[in-house]
Amino acid sequence: MDQDSGTTDSSDFELVTFSTCAEFLALNLSKDEVEIPGSSFLNNSCGRQSVNVTAIQLHPARYAVLVTYPIFLLICTVGNLLTLIVLGRETTKSVKRIYLMSLACSDFCFMWSQFFPYLSNYATITSNPGAKLFLDRISGSCTFFQEMLITSSDWILVAFSIERFFAVVFPLYYNIFVSKRRATAVVLVVFLLAGLYAMYNLFDYYWFLANDEPRCPAALIRPPTYLIRWHAVYEWSVLIVPVITFLVILSVNLAVSIQLLKHQKFRRANTLGRNHPDSVTKDHQAIHMLLACAVLYILTQFPAFVYNILQILQHYPFCSLTFTDNFVANYTRAIGVTVNINYSANFLLYYGVSTTFRQGLRDFKHAVIVASGCSRNPALTHKPILGPHASTKTNYYTGFMTNGAEDIYGRHGEEKKRNPRFSLESVDTSTTSMGSSNNPRY
């Protein structure tokens, strides 16, 4: 057999050629009877064969994600719902509120987009033909939403970090150009671009689902030219875009931290504290949340950042690394765990750093107790007690003035949130797609 052209040659038989699945089936051949080399589009840009996806999916390291995912899903669900409730009860409709609620929605939806791929790991479920068919049909959509929500969360954090940078460094321009309407527009544009970015997963998966033929060798199932070219672009984008995003978030938050330290030194040198026009340390909780969220993001996303760098070195023009299936299986599962931590810990972060968030949560608890009629104690209504110097225009939930003056941390003293990366794998579908061959997220 000629491996380059897919031909079968024998001294007793005439030369038989085939290049498509239909021609192969017309010859009444079995894929076990012939040996056909793997198609080139299944290789990486260096021409090397991709890792064995099936072996990686069935590797024992997968139990690290299978065991921890339900725990993180519970934490994420309860935490983000409470975050949305606490932020929704705030009377001040601020830019901070828009970004934090958008990120909470992204976290919540991302964790639940992994639910059906998670179920596909259990043979008791996939042994049911109807359930397996449903999981196969929905797998491509789950992969699309995972990539879309991951990307949108990252880009929202980038926008939020840049906004805070201008709030600290250029407060006058910030107060002029930043508004709730613009923040809403930024969030909508981010979701739209993230959806377009992840659209390849839909075309890739469902083309193979519609054209897959179990009786044919995988090398004969060739996608159209546009999908092959799109695959080449997407294969690079899923490596380069996360790396750039990580570096932008790291550098911008580092610049914000350095600027805040300079402001703090200036205020210490100025004993009266009246010559500084911006009152840069007015909102200490926003500073703490900014630093804490940045550290959490960097720590949880650093393994994925390193893996993406290694993946880039594996591709052309470097071609300097080769991964074993065992390394990929173990390292990607570690990434999956850290990513889920990143998407689930934001509520705990808010609760631990922000006293105003804790106060808002307590107010919500008391409101639920009073509304349920479980207690008639008037003390549980928890009305705010104003001190001798308190302003009647102070927002009780955020502790910031609502008289129209906006500090450099955002509209009425905004706080900062964190953001995440990566995904749970989508295990064992009946279709092999190009997007899943080199992408560690699925």
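Each reported figure results from applying straightforward, stated rules to the coordinates on display, with no laboratory input. These numbers come from a predicted model, not from an experiment. We place every Cβ from the backbone using ideal geometry, glycine too, and count neighbours over all the protein chains shown.
A few remarks follow.
- Listed peptides 123-134, 344-355 appear in the order 344-355, 123-134 once ranked by packing, highest mean of other Cβ atoms within 10 Å at the front.
- For the stretch 262-269, putting each phi into the Karplus relation 6.51 cos²θ - 1.76 cosθ + 1.60 with θ = phi - 60° gives couplings of 5, 5, 5, 5, 5, 5, 5, 5 Hz, in residue order, rounded to whole numbers and with x for Gly and Pro.
- The trypsin sites (Lys or Arg not before Pro) of the stretch 204-265 that DSSP puts in a loop, and whose beta carbon has at most 16 other beta carbons within 10 Å, are ARG215.
- Relative protection proxy for 306-319, 189-202, from highest mean packing down: 189-202, 306-319 (other beta-carbon atoms within 10 angstrom).
- Extending 7 Å from the Cα toward the beta-carbon at both ALA210 and CYS46 defines two label points whose distance is 3.6 nm.
- The modelled label-to-label distance for the pair THR324/LYS132, using points 7 Å beyond Cα in the direction of Cβ, is 3.2 nm.
- Cα gyration tensor shape for the stretch 169-238, rounded if a/c is under 1.5, else prolate or oblate: prolate
- Once the Cβ-Cβ distance of ILE176 and THR355 is raised to the sixth power relative to R0 = 35 Å, the FRET efficiency obtained is 0.70.
- Ranked by the mean number of other Cβ atoms within 10 Å of their residues, highest first, the peptides 108-114, 298-304, 142-148 fall in the order 142-148, 108-114, 298-304.
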